[in-house]
Amino acid sequence: ELSTRKAIEIKPDLAEAHSTLGNILNDLEKLQDAEFSYRKAIEIKPDLAEAHYNLGNILNDLGKLQDAEFSTRKAIEIKPDLAEAHSNLGTILGDLDKSKEAALSYRKAIELKPDYAEAHYNLGNILKELGKLQEAELSIRKAIEIKPDFAEAHSSLGSILKDLGKSKEAELSYEEALNLDNTLDEAKAGIGKILLKTGK
């Protein structure tokens, strides 16, 4: 942090340095300071997509969802092939209860980066919300295929399979999730309900 601040002191109009400082402050969980640094970077260099993207993430973390959507859309406008920005926009839109739009953003992220496990996972969860369980299952399975140790994806798959009435498969998915991360409450609750229902 100190060396980056020193660089800014020497050359205050270097947008990338302000953006880098924002990243450091974000890692230190100094979110408001990070927001200020990203805004400074954008003020100096309005077409710095990375700063708009990171600002969107910070604003989302701060619960400023409309502002987060605006910043993330700005990043996409500048750099349309930024898969991570499309995926993050999907998350923001989901939080704003715009599930259909969120699904489109996740699909765009996947189109740009087919091996993007998190985007497949998030798309699966949105499709589940939309009641499209078979499609949701396929998306979550794709996330697991790309990233086999993705504990949250195994847990989500368990939830989808449970809703599809596939209790035995759901139980196995929840077990796999807990083998990978035994702190997942969704998996614990899900497997508990199945065991209770089946008299185990």
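Here are a few things to note about the model shown:
- Residue match in segment 76-83 (condition: under 19 Å from Asn125 (Cβ atoms) and among the aliphatic types (A, V, I, L, M)): yes
- Contact map, segment 137-155: residues that are open to solvent by 20 Å² or more (accessible area, probe 1.4 Å) paired with residues that are part of a loop (DSSP other than H, G, I, E, B), Cβ distance under 8 Å, separation 6+ or inter-chain. Pairs shown: Glu137/Leu164; Ile144/Phe150; Ile146/Asp115; Ile146/Tyr116; Glu152/Asp181; Glu152/Leu184.
- Enumeration of residues in segment 153-185 that are in a helix (DSSP H, G or I) and either on the phi > 0 side of the Ramachandran plot or aromatic (Phe, Trp, Tyr) (or both): Tyr174
- In segment 133-150 there is at least one residue matching the filter, namely being of a type outside the set (A, V, I, L, M, F, W, C) and either on the phi > 0 side of the Ramachandran plot or more than 20 Å from the chain's Cα centre (by Cα) (or both).
- Residues of segment 92-144 that are among the hydrophobic types (A, V, I, L, M, F, W, C) and not in a helix (DSSP H, G or I): Leu96, Leu130.
- Exactly one residue among Leu82, Leu93, Leu65 is under 16 Å from the mean Cα position of the chain (by Cα) and over 26 Å from Lys132 (Cα atoms), and that residue is Leu82.
- Going through (1) touching a Leu at 6+ places or on another chain (Cβ under 8 Å); (2) closer than 22 Å to Leu138 by Cβ; (3) in a helix (DSSP H, G or I) one by one, Lys188 falls short only on (2).
- Residue list for segment 43-91, restricted to those being outside any helix (DSSP H, G or I), within 20 Å of Glu111 (Cα to Cα) and either open to solvent by less than 60 Å² (accessible area, probe 1.4 Å) or in contact with a Cys (Cβ under 9 Å, 6 or more places away or on another chain) (or both): Leu82
The values are calculated or read from the model by the stated rules, or taken from the named source; none is laboratory data. Please read these numbers as outputs of a predicted model, since none were measured by experiment. Here the Cβ is made from the backbone with ideal geometry for all residues, glycine too, and neighbour counts use every protein chain on show. To get the accessible areas, we keep the full protein, side chains included, count just its heavy atoms, and leave off ligands, DNA and RNA. Shrake-Rupley method; radii C 1.70, N 1.55, O 1.52, S 1.80 Å.
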